[in-house]
Structures are given as C-alpha cells and as structure tokens.
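To start, the structure under review is shown below, and the notes come after it.
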Amino acid sequence: MGWDGRSRYNREETTPLTALREDFSTRTLMPKTAILLIDCPDRKGLVAAIANFLLEQNANILHADQHQDNALGLFFMRIEFMLDDGEFDEAAFRLNFAKIAEFLQMRWRLEYTDRKPKVALFVSQYMHCIADLLQRHKSGELRCEIPVIVGNHPDAAALAEFYGIPFHLIEVNRQNKQQAEAQQMALIEEHGVELIVLARYMQILSPEFCRRYPLRIINVHHSFLPAFVGAKPYHAAFARGVKLIGSTSHYVTEVLDDGPIIEQDVTRISHTDELDDLIQKGRDLERLVLSRAVRWHVERRVLAYANKTVIFS
C-alpha cells in the first residue's frame, strides 16, 4: 500500500512521528544543567562524598574534573550534572550540601550553564581585542551578555554601535580619575555586571577599584623574554632581537600585573620579521589569550588560589 504523506500529516490523531517530536521537545526543555565548583583541604573520601550526595539528589553527572595541590594539601573539583527541573529543589540542595561542605571545610558555589553572566568591556584606542571578543560573542562562542562598553577614548563607539551595545565615553586623566572610576562603578552596578574585561584598556585601575571587584577583572598584556616595559614594548623587543614574544591574561589585583594568571601563549620571532610583523604577531596572541581567559571564566572553569589558578578542561 502506498504512503500518502499529505493525508497522513493532516490526520488529527497523534502519529508516531508527532509523538516523537512532542516527546523530544518536552525532554529538551526539562533538564537543567548545573555546575558545582569546590575547593577544600585534601582528604580521603571527598569524591565519594560529592558523588553520593548528587546520586541522592537524582542528579546525572555529565562531566567531572579534579586536581590536587600536594604541596599545599588542597583539593579542587568542577562537576557538571543534569537535574530535572520538575523535581529539583534548589533551596533543599543548598541546605543539605552546606552541611557536607561545613564538615569537609569546603568553599563551594552552584552555577547554571543556562545563566549567562554579564560582562562589561573596557577599551582605549586599540581595537583588536574588543573586536575579537564582540565577534566571538556574536557567533555564540562566548556565552555571556555584554550590556555595556566603556571607553576612555571615542575610538570604539562605532564598533559598539555596529554590535548594538551601548557605549559610554568616560575620559580619564590625573585630575578626574576618582570621579571617572565612580562613573564606571555606577555603570557596573546599574547593569549587574559580574565580569570586567580590560580589552586593551590603557589605564591603571586604582587599588579601591580592584578591591571592589576581586577575581572579577581580567586583563591582557604582552609578556616578553626578556621583559620590556614602557609605552612601546614591541619596539624595544624588536631592537633587542628577541626570538620569542608572548601574551598573558590574568585577574587584576592591586599590584600591577601580579594577579593570578589564567592563560599564556608564545610565538617565535624570526630575524626576517620586521617591526610591523612583530606587532601583528603580538596582537594575534593578545586576541587569543584574552578570549580564552574570558571564555573559561564565563564557563565557570577557573578556580583561583594562592595567586594562581586551576583551569578545568
């Protein structure tokens, strides 16, 4: 007997195909994926205690990664698991896990993969890093919201307009630095920003600003061997004839360029490279290193301790 596709789709009763579609739609809407981040003194039974607790909560573990710092006797874990929205009681989960955490001296936090953190981008006159971040965000690679871009120069205004993100010009100089930072912090609070990314923002943040947002500010800068400071590091490196250049992305602290490192990368320099080649290679590294650091942070893959970090895969 032949199959009349048109008449079959017109039937009112549920067919196996429509039933499958309805079932798939229901199942894709119900699960909630959560992330548990933990650090504590290392001891036997930690993994078992966490796994058994999640089993009691009817959680399905999707991915688990752990690390031990033997020198400091510390344990770190990132565990991603799926929950049934219809059955998950977050308040009870937190209350019950807090009892285990207190006994095992855990610092912990519960996150959800479907909740996108809000990120503010700070920029000056170099556009390569912010352009890269905005394109990665537009393509869905960076799972976050970007409600505001702050610049101390107007250069990024057109780029912000292109991506439909409000741009705020807040000029900064020695005389108005405190007032300018007060405006910046007001914007951060107004938009509920959780992470500040310095996308080649060429201003040193005050200690007060850094203390207000611990482990919530990410910066990127060049990192040469040997190191070159000053306004034109690439020119100095070129004059010295370096064979390696690099870039570092790190959390910002009160001590300049001394925060926990999130990501680094290097590339080789040849005697045939001219100054422009060296600058371009350096900017490529800055783009890559900063985007990786931001992505790992918004995906809740970073735990900082003892002025360094654990990056979970």
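The values are calculated or read from the model by the stated rules, or taken from the named source; none is laboratory data. Everything quoted here is computed from the prediction, not taken from an experiment. A quick note on method: Cβ atoms are made from the backbone with ideal geometry, for glycine too, and the neighbour counts reach across all protein chains shown. SASA here: full protein model, heavy atoms, side chains in, ligands and nucleic acids out. Shrake-Rupley method; radii C 1.70, N 1.55, O 1.52, S 1.80 Å.
Against the test of being assigned to a strand (DSSP E or B) and open to solvent by 60 Å² or more (accessible area, probe 1.4 Å), the options Arg109, Arg115 yield a single qualifying residue, Arg109.
Rundown of residues vs (1) among the β-branched types (Val, Ile, Thr); (2) modelled with pLDDT under 95; (3) surrounded by fewer than 17 Cβ atoms within 10 Å (Cβ to Cβ), yes/no style:
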| site | (1), (2), (3) |
| --- | --- |
| Asp42 | no, no, yes |
| Gly73 | no, no, yes |
| Ile79 | yes, no, no |
| Asp85 | no, yes, yes |
| Ser124 | no, no, no |
| Cys129 | no, no, no |
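Of all the criteria given as (1) part of a loop (DSSP other than H, G, I, E, B); (2) in contact with a strand residue (DSSP E or B) (Cβ under 6 Å, 6 or more places away or on another chain); (3) within 20 Å of Ile269 (Cα to Cα), the one not satisfied by Val229 is (2).
Selection of the stretch 47-101 for residues being part of a strand (DSSP E or B), out of contact with any helix residue (DSSP H, G or I) (no Cβ under 9 Å at 6 or more places or on another chain) and farther than 22 Å from Ala306 by Cα yields Leu62, His63, Glu80, Met82, Asp84. Exactly one residue among Asp273, Asp258 is out of contact with any Cys (no Cβ under 8 Å at 6 or more places or on another chain), over 25 Å from Glu145 (Cα atoms), in a loop (DSSP other than H, G, I, E, B) and in contact (Cβ under 8 Å) with a residue 40 or more places away in the chain, and that residue is Asp258.
Yes or no, residue by residue, for (1) more than 30 Å from Gly73 (Cβ to Cβ); (2) open to solvent by less than 50 Å² (accessible area, probe 1.4 Å):
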| site | (1), (2) |
| --- | --- |
| Arg216 | no, no |
| Val220 | yes, yes |
| Pro233 | yes, yes |
| Ile245 | yes, yes |
| Leu256 | yes, no |
| Val266 | yes, no |
| Asp277 | yes, no |
| Lys281 | yes, no |
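Residue under question is Val197, and the condition is that it be at negative phi and either among the polar types (S, T, N, Q) or part of a loop (DSSP other than H, G, I, E, B) (or both); does it hold? Criteria not met by Val197.
Residues of the stretch 109-154 that are within 15 Å of Leu169 (Cα to Cα) and of a type in the set (S, T, N, Q): Ser124, Gln125, Asn152. Taken over the stretch 205-226, the criterion of being among the hydrophobic types (A, V, I, L, M, F, W, C) and either under 19 Å from Glu263 (Cα atoms) or part of a strand (DSSP E or B) (or both) is satisfied by Leu215, Ile217, Ile218, Val220, Phe224, Leu225. Across the stretch 131-161, the qualifying residues are those that are in a helix (DSSP H, G or I), small (Gly, Ala, Ser) and open to solvent by 10 Å² or more (accessible area, probe 1.4 Å), and the one among them that is nearest to Glu286 (Cα to Cα) is Ala131. Checking each residue in the stretch 229-280 for being closer than 30 Å to Tyr305 by Cβ and either of a type in the set (A, V, I, L, M) or more than 28 Å from the chain's Cα centre (by Cα) (or both) picks out Val229, Leu244, Ile245, Val252, Val255, Leu256, Ile261, Ile262, Val266. Of the numbered criteria (1) within 28 Å of Leu198 (Cα to Cα); (2) out of contact with any strand residue (DSSP E or B) (no Cβ under 7 Å at 6 or more places or on another chain), the one Cys144 fails is (2). Against the list (1) among the basic types (Lys, Arg); (2) within 27 Å of Ala293 (Cβ to Cβ); (3) not in a strand (DSSP E or B), the condition Lys44 fails is (2).
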